[in-house]
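Student: The structure that follows is given in the form of structure tokens.
The values are calculated or read from the model by the stated rules, or taken from the named source; none is laboratory data. This structure is a prediction, so every number in the text was calculated from the model and none was measured. Virtual Cβ from ideal backbone geometry, glycine too; neighbours counted across all protein chains shown.
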């Protein structure tokens with residue numbers, strides 16, 4: 001008969017199992033406090049951002065306990081100690097990283113998260129004490145810079161209807177500058193430029209470069225005027241342009257003064273009263289529009305006068321009769337359709353209507369003045385005119 005080896009029986013010592021249980025409990029206890037603190041902080045941060053309660057709970061659970069549970073699940077042995085120690089280490093890391101991503105929010109987040117467990121005043125007081133005992137947050141980051149608000153144009157009521165003799169033009173600029181697009185026409189050429197509306201400027205101005213684009217070259221025979229600019233008085237040549245357009249409004253026979261200093265980086269010149277004075281202007285600052293309303297009396301005296309010479313001679317007859325002869329010399333290339341001269345004597349004023357005066361022609365009109373006290377000096381001026 002063969003020999004049999006007796007079986008070896010080893011009994012586990014009861015003391016070893018107890019030690020392992022105690023070790024597991026101790027490891028879990030190590031992770032309990034930091035885990036609870038980190039979990040409370042995550043709950044508080046989510047609540048501060050007004051997330052849904054179930055989303056807050058789910059995300060806080062995964063974020064705090066997910067990595068330790070995953071690591072313990074793949075461990076071959078000692079899963080409880082691994083889980084407890086990793087919860088402790090991972091929670092401390094989360095609490096330490098919070099000042100980077102949520103500066104200044106750690107203590108309040110812990111208080112809010114702990115208060116969710118028990119809303120009683122005693123528990124909330126305990127939560128505040130716990131938060132106060134947390135280490136001071138290091139200044140690692142600043143709060144996120146608020147995003148700039150996208151500008152939205154204010155809604156405006158519908159624009160009122162315009163009559164046939166009105167037009168609304170959009171303007172550019174703010175403060176001291178108000179510019180409009182203006183088209184200049186000479187012969188077969190058209191040039192559009194931005195002009196600054198200047199109610200203090202008598203004449204519309206353009207630099208020589210823009211006049212050259214229109215084929216206009218000021219010469220020695222063109223009239224001169226004195227412009228009062230910001231840089232002082234300047235002598236300027238005046239030329240006559242066929243027409244300018246303000247949108248659909250056409251102004252024919254416009255006097256243009258040459259002025260280099262009147263141009264700027266935004267505009268090429270000034271839109272003066274010899275153009276704007278023909279209209280009633282309304283500025284709609286809300287819509288950034290200028291409404292031009294055609295005046296009943298369109299006096300083109302400012303455009304006509306530089307190209308004319310007005311003179312008068314008086315004749316006295318026995319018995320007090322006084323006659324005046326008014327002479328209008330048209331030196332422009334356009335016919336003057338009508339003109340009115342005024343005669344002044346002290347406080348009395350009389351008008352003399354002149355007939356159509358062809359281009360580069362002279363018109364003489366003789367009139368008798370009403371009886372009046374004789375004056376030492378009579379004055380004559382062009383009151384109104386039109387092409």
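Student: For residues that are in contact (Cβ under 8 Å) with a residue 60 or more places away in the chain and farther than 17 Å from residue 264 by Cα, tally how many sit in region 204-228. Outline the logic, then answer.
Tutor: Keep residues of region 204-228 that are in contact (Cβ under 8 Å) with a residue 60 or more places away in the chain, which gives 204-207, 223, 225.
Those left that are additionally farther than 17 Å from residue 264 by Cα: 223, 225.
Number satisfying all stated conditions: 2.
Student: May I ask you to verify whether residue 22 is part of a helix (DSSP H, G or I), surrounded by 15 or more Cβ atoms within 10 Å (Cβ to Cβ) and at pLDDT below 90? First the steps, then the outcome.
Tutor: Working: part of a helix (DSSP H, G or I): yes; surrounded by 15 or more Cβ atoms within 10 Å (Cβ to Cβ): no; at pLDDT below 90: yes.
Against the criterion (part of a helix (DSSP H, G or I), surrounded by 15 or more Cβ atoms within 10 Å (Cβ to Cβ) and at pLDDT below 90), residue 22 does not qualify.
Student: With respect to residue 299, is the statement that it is within 15 Å of residue 357 (Cα to Cα) and either surrounded by 14 or more Cβ atoms within 10 Å (Cβ to Cβ) or modelled with pLDDT under 85 (or both) true?
Tutor: Judged against the criteria, residue 299 is not a match.
Student: Something else now. Answer with yes or no whether residue 361 is touching a residue at least 40 places away in the same chain (Cβ under 8 Å) and either closer than 30 Å to residue 219 by Cα or in the same structural domain as residue 372 (by TED's automatic domain parsing) (or both).
Tutor: No: the conditions fail for residue 361.
Student: Just wondering, is there one or more residues in region 228-236 that are in contact with a helix residue (DSSP H, G or I) (Cβ under 8 Å, 6 or more places away or on another chain), buried (at least 19 other Cβ atoms within 10 Å of the Cβ) and part of a strand (DSSP E or B)?
Tutor: no
Student: Right, here's the next one. Looking at region 229-253, I want the residues that are in the same structural domain as residue 294 (by TED's automatic domain parsing) and at positive phi and have a partner that is at pLDDT below 85 and assigned to a strand (DSSP E or B) with Cβ atoms under 6 Å, at least 6 apart or on another chain. Which pairs are those?
Tutor: Pairs that qualify, where the first residue is in the same structural domain as residue 294 (by TED's automatic domain parsing) and at positive phi and the partner is at pLDDT below 85 and assigned to a strand (DSSP E or B), are 247/167; 247/169.
Student: So which residues in region 33-63 are at pLDDT 90 or above and more than 49 Å from the chain's Cα centre (by Cα), if there are any at all?
Tutor: Across region 33-63, the qualifying residue is only 61.
Student: So in region 186-207, with the set limited to residues that are more than 16 Å from residue 272 (Cβ to Cβ) and under 32 Å from the mean Cα position of the chain (by Cα), which one is surrounded by the fewest Cβ atoms within 10 Å (Cβ to Cβ)? So that I can check it myself, show each step before the final result.
Tutor: Going residue by residue through region 186-207, those that are more than 16 Å from residue 272 (Cβ to Cβ) are 186-192.
Still in the list and also under 32 Å from the mean Cα position of the chain (by Cα): 190-192.
Working: 190: 15, 191: 19, 192: 11.
Ranking the candidates gives 192 first.
Student: Additional query: Identify, from the list 312, 341, the residue that is within 30 Å of residue 226 (Cα to Cα), free of Cβ contacts under 8 Å to residues at least 60 places away in the same chain and surrounded by 14 or more Cβ atoms within 10 Å (Cβ to Cβ).
Tutor: 341
Student: What strands (runs of 3 or more DSSP E) completely inside region 286-347 contain at least 2 residues that are more than 30 Å from residue 160 (Cα to Cα) and touching a strand residue (DSSP E or B) at 6+ places or on another chain (Cβ under 8 Å)? It would help to see each step written out before you state the result.
Tutor: Values: elements: 289-294, 308-316, 322-330, 338-345.
The strands (runs of 3 or more DSSP E) meeting that bar are 308-316, 322-330, 338-345.
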